[in-house]
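For reference, the structure discussed in these notes is given below.
The values are calculated or read from the model by the stated rules, or taken from the named source; none is laboratory data. Nothing here was measured: the structure is a model prediction, and the numbers come from that model. Please note: Cβ atoms are built from the backbone with ideal geometry, for glycine as well, and neighbour counts cover all protein chains shown.
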Amino acid sequence: MKKIIVSAIIGLGVSIAFAQEEADVTAFWYTLNEYRLKGDLKDLYTDLTLPDTINLYNQPVPVTWESSDTLFLTHDGHINGRLVGENKKVKLTAHLYDIRTSKIEPKYFDVSIHGYEPYSNYLFVYFPANNNENIYYALSNDGYNYTPMNKGNRVVASDTVSIKKGLRDPHILRAPDGWFYMVNTDMKSAEGWASNRGMVLMKSKDLINWKHSTVHFPDRFKGTYFANVTRVWAPETIWDNDYQNKDGSKGRLMVYFSILTNDGEVPYDKVFYAYANDDFTDLLDEPTYFYDRGSATIDMDIVYNPVDELYHAFYKNEGEGGICKVTSYSLLPTKGGPGSQWSKPSGTLQQTKEAVEGAGVFKLINQNSWILMYDCYMDGHYQFTSSSDLSTFKFVQDTKTSGAFTPRHGTIIPITASETAALMKAFPTPDFEPRIIDIPDSIGVSDGKKVVAPCSGTKIISYVKVGDDGWNETTELNVAKGATVQFGPHPWDGKIWDWTGPDGFKSTTRENTLKNVDGSKSGIYTVTYTNETGCKTVSNIKLVVDDPDKPYVEPPPVSIVDRGMRENGKNLRQKRNPMYFDLLGNRLSGKPRNGMFVVK
């Protein structure tokens, strides 16, 4: 009897141990499956921080990391390269040592490296007033502060392109086919808010010369209720990658807008859409209902966010006031009636109690930061807010609208340094100094496409001033003893500066003044500018003071080895030492002869 009881107890113990082990393994896999890396892997801008161990089921588990393509992402999570203008997908594998099974278990992460955006500046396209319904341009280096182009004069005259001799609510888009597209409300407000009957379509290769066409709804859609429109407000475009063309290719411009009719068919402003023809001179078919929240909805602006894989449609909540949005995983509904793809409306997103309209959404260059701007039309300013997820916005600044800069309901796109230069030649803008960001150097080729370094620094222009003289652009300066020297490099709107120099000189401001200089101030002044993308640029200014008591001595040349061969803030001479673990997961001080797990 005792033997039976003992056997039963032993058997029960084995069963419990087995069950516990099975539970532990199950918990290990559950925890592993739930493990997530920090960072937006679907659209990665910055380096990943990859841990050496992961806590799984309250146990530290050693892990090594492996990238499928180190040209883009190194094994330690550093972004090494980017494609220009498109993302690159890389598979990242975590190799974990399961101490219960003594096996290496993999966990895979799909990473999409954000493509390098080859832009330097921002172009604001707008109309300035109800008594001046023409197209104007303004330029910016930071996306918030703008200088009007063409010495404050118009760049497109409405009486040369529109039926109503008025252009309002311009929306501009850079499309994948290499063209710029602009759509405008064809309207003259002096004739009343119900005087609008169509839109103006415009197309350009250079932002300077535009081809134009009009779509006059009473003629284009004669015999339908669309011929009875009293307004076709704030048209915009978006590229639909999923549109199936007749030749089998994919991709076409969608035009969407709010309409109102006088026959009761559309009793309040609702959003409709239609696709444009190949030449962008007409709409292919009758408009289709797109979105209706149950009351007037105007000024819709749609952007796509690859992180959450959603289309975000912002609009003015007429009647109730404010800027709201809806979201969808597709531009068109996969099933159900027209417009059924959109979510329930959000609450108001503006960061003010002022009356607002004309929402515009754009992303800052090479940053995971979205800007929602809107016209505070009763209070004389535009308000800019920012967000990393297009859901929660914070106030950035109010940009005053006065004098030559009085934008009303416009849109903003990023443009390249060469596009900026061409625009400034065509439309002189003497008060604007454009920031220049070059495309990073090529580091290789992938599938026939150039791969560039992860970021590019902003060009530093070294300006210096001696005494009461004016500012001069130079990197070498000879001055008399007792002089006053000022350093004032550009970009003038830069915020992250770091100076080092002779006699212990250090500073974190852009402008610096040296008074009553002597020979102790002679030498190399090094300034490092970190732009908004985290990329650094370095410039040296050599100052030589004519001081017989403390003559300047040229320093010996510095070898590359002595500089530490630093790149992207990392010392290339330093390699990460491998770490070793025993089969129980304990880190060892040195390399064992066997039974090891290596993390390199």
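Of everything in the stretch 466-518, what is small (Gly, Ala, Ser), without any contact (Cβ under 8 Å) to a residue 24 or more places away in the chain and either assigned to a loop (DSSP other than H, G, I, E, B) or touching a strand residue (DSSP E or B) at 6+ places or on another chain (Cβ under 8 Å) (or both)? Give them in sequence order.
Correct list: 467, 470, 507.
If a residue must be in contact (Cβ under 8 Å) with a residue 60 or more places away in the chain, in contact with a helix residue (DSSP H, G or I) (Cβ under 9 Å, 6 or more places away or on another chain), buried (at least 18 other Cβ atoms within 10 Å of the Cβ) and farther than 22 Å from residue 179 by Cα, how many such residues does the stretch 247-289 contain? Here the count works out to 1. The residues of the stretch 65-98 that are of a type in the set (Val, Ile, Thr) and crowded, with 20+ Cβ neighbours inside 10 Å, listed by number, are 79, 90. Among the residues in the stretch 227-235, are any modelled with pLDDT of 95 or more and touching an Asp or Glu at 6+ places or on another chain (Cβ under 6 Å)? For the stretch 227-235, residues modelled with pLDDT of 95 or more and touching an Asp or Glu at 6+ places or on another chain (Cβ under 6 Å): present. One residue stands out in the stretch 519-530 among those that are touching a Pro at 6+ places or on another chain (Cβ under 8 Å) and either assigned to a loop (DSSP other than H, G, I, E, B) or of a type outside the set (Gly, Ala, Ser) (or both): the one that is farthest from residue 485 (Cα to Cα), namely 529. Is there a residue in the stretch 140-163 that is acidic (Asp, Glu) and in a strand (DSSP E or B)? There is no residue in the stretch 140-163 that is acidic (Asp, Glu) and in a strand (DSSP E or B). Residue 253 - would you say it is in a strand (DSSP E or B) and either under 29 Å from the mean Cα position of the chain (by Cα) or not assigned by TED's automatic domain parsing to the domain that holds residue 278 (or both)? Yes. Taken together, the residues in the stretch 425-465 that are buried (at least 18 other Cβ atoms within 10 Å of the Cβ) and outside any loop (DSSP other than H, G, I, E, B) amount to 6.
Quick check: anything in the stretch 265-275 assigned to a loop (DSSP other than H, G, I, E, B), of a type outside the set (A, V, I, L, M, F, W, C), out of contact with any Phe, Trp or Tyr (no Cβ under 6 Å at 6 or more places or on another chain) and farther than 23 Å from residue 373 by Cβ? Yes, because at least one residue in the stretch 265-275 is assigned to a loop (DSSP other than H, G, I, E, B), of a type outside the set (A, V, I, L, M, F, W, C), out of contact with any Phe, Trp or Tyr (no Cβ under 6 Å at 6 or more places or on another chain) and farther than 23 Å from residue 373 by Cβ. Looking across the stretch 443-465, just one residue is more than 23 Å from residue 536 (Cβ to Cβ), of a type in the set (D, E, K, R) and in contact (Cβ under 8 Å) with a residue 24 or more places away in the chain, and that is 449. For residue 504, the requirement of being on the phi > 0 side of the Ramachandran plot and crowded, with 19+ Cβ neighbours inside 10 Å is not met.
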